[in-house]
1. Restrict the check to segment 229-241 and report whether at least one residue is part of a helix (DSSP H, G or I), of a type in the set (A, V, I, L, M) and open to solvent by 30 Å² or more (accessible area, probe 1.4 Å).
2. Being modelled with pLDDT under 85, hydrophobic (A, V, I, L, M, F, W, C) and either assigned to a helix (DSSP H, G or I) or open to solvent by less than 70 Å² (accessible area, probe 1.4 Å) (or both): is that true of V75 here?
3. Within segment 264-314, can you find the residues that are within 17 Å of I225 (Cα to Cα) and of a type in the set (S, T, Y)?
4. Can you tell me which residues in segment 236-258 are farther than 15 Å from Y272 by Cβ and of a type in the set (A, V, I, L, M)?
5. When only residues in segment 191-226 that are assigned to a loop (DSSP other than H, G, I, E, B) and either in contact (Cβ under 8 Å) with a residue 60 or more places away in the chain or within 16 Å of G76 (Cβ to Cβ) (or both) count, which is most open to solvent (accessible area, probe 1.4 Å)?
6. Among the candidates A244, A293, single out the residue that is closer than 20 Å to V158 by Cα, touching a residue at least 12 places away in the same chain (Cβ under 8 Å) and of a type in the set (A, V, I, L, M).
7. Can you work out which of the residues in segment 125-138 that are in contact with a Lys or Arg (Cβ under 9 Å, 6 or more places away or on another chain) and more than 16 Å from L152 (Cβ to Cβ) is most open to solvent (accessible area, probe 1.4 Å)?
Amino acid sequence: MKNFILAFFIFLVWTTFGLWIYSWLSSDDAVASVNNELIEDLEVSSLNETIEPIIETIKPIDSIIPPEIVEPIAVGLVARAVSNDTLFSFIEGISFKKDSVGIIVPESSIDYKYELNNYLYDNPDLELHVLSVYSPLERLEDSNLGVQRGDLIVKELVATGIESKKIVVVSVIEDIEFDKNEIYNKGITFQFSPLDQNRIAALKPKFVETPKKIIFYPNFSDTGILQNDELDNLMYKVKDIMDANPATKLIITGHTDDVGDSQDNHLLGLNYAKEMRWYFKNKGDINPSRMKAMSMGEFRPLRNNKTASGRRINRRVELQFTK
């Protein structure tokens with residue numbers, strides 16, 4: 001009996017020891033499992049943190065917003081080369097009013113004539129076509145409105161220095177959408193073409209009657225002679241006379257009234273004559289060697305200087321054509 005109790009006691013000790021060992025081993029497996037789960041979570045979390053920024057930069061095709069479509073800027077005035085490429089353009093074009101001959105050149109586009117002049121200067125083998133449009137709904141009692149408007153452009157270009165023989169007006173009839181004020185702002189387009197030598201050869205000098213003398217009353221001011229339509233028309237007339245008569249020369253004489261000192265009046269008349277000569281040279285492209293400026297001051301009055309009307313008539317510039 002004593003041996004049985006001793007054996008049973010040893011059995012209990014070993015059983016308890018075995019249960020303790022088993023419990024300890026089970027606890028290590030749990031911790032390891034937990035640790036493995038933590039490690040896996042950390043790895044997944046780290047991987048997600050790396051991938052998410054990449055995913056954010058890769059948008060689905062449907063979610064990409066297309067760039068804003070920029071509307072082209074409307075062009076009102078354009079000049080094209082022989083290849084039809086655009087040489088230059090202005091947003092505001094040369095406009096005209098329905099049934100009217102006159103043209104309107106906006107201040108922002110005023111440099112068009114200098115651009116054309118420079119290009120022709122660099123390309124002397126070209127000529128310039130002025131494409132001038134008009135509407136079939138406009139009045140046709142007068143001559144072609146497209147030609148008349150184009151001729152006004154020619155005058156501006158000639159005054160800038162372009163030879164008239166290198167400019168061709170092409171009248172174009174087309175349907176025009178006038179605005180509410182009956183204005184159309186794309187009335188003129190410029191196109192360069194190879195110089196037509198046959199056309200140049202066919203041009204015959206126009207017969208222009210040469211007057212012996214022209215008396216002109218400029219718009220005088222404290223700063224000299226002011227430019228106006230009358231002065232422009234005189235310049236075109238003088239240019240036609242000089243072009244048609246290569247041997248003709250021009251004497252420009254300034255005259256004054258007798259108010260003030262005679263020497264001052266002589267200088268004043270000479271200044272008026274020089275201004276006129278400068279204008280004809282720079283605006284009409286007339287050779288300055290064919291023009292002479294001089295003054296008679298107060299010494300050749302046309303009327304009595306004692307009256308205001310007489311003094312006004314005496315303040316003048318005389319143009320005399322000689323051979």
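1. No, segment 229-241 contains no residue that is part of a helix (DSSP H, G or I), of a type in the set (A, V, I, L, M) and open to solvent by 30 Å² or more (accessible area, probe 1.4 Å).
2. yes
3. Y272, Y279, S295
4. V238, I241, M242, A244, A247
5. In this case the residue turns out to be K212.
6. Residue meeting the stated conditions: A244.
7. Only one residue tops the list, namely L137.
Residue-by-condition table, conditions (1) in contact (Cβ under 8 Å) with a residue 12 or more places away in the chain; (2) within 17 Å of L319 (Cα to Cα):
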residue: D229; (1), (2): no, no
residue: V238; (1), (2): yes, yes
residue: G254; (1), (2): yes, yes
residue: V259; (1), (2): yes, no
residue: L267; (1), (2): yes, no
residue: L270; (1), (2): yes, yes
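The values are calculated or read from the model by the stated rules, or taken from the named source; none is laboratory data. Given the structure is predicted, the values throughout are model-derived calculations rather than measurements. As a convention, Cβ positions derive from the backbone with ideal geometry for all residues, glycine included, and neighbour counts pool all protein chains shown. These area figures cover heavy atoms from the full protein model, side chains too; ligands, DNA and RNA do not enter into them. Shrake-Rupley method; radii C 1.70, N 1.55, O 1.52, S 1.80 Å.
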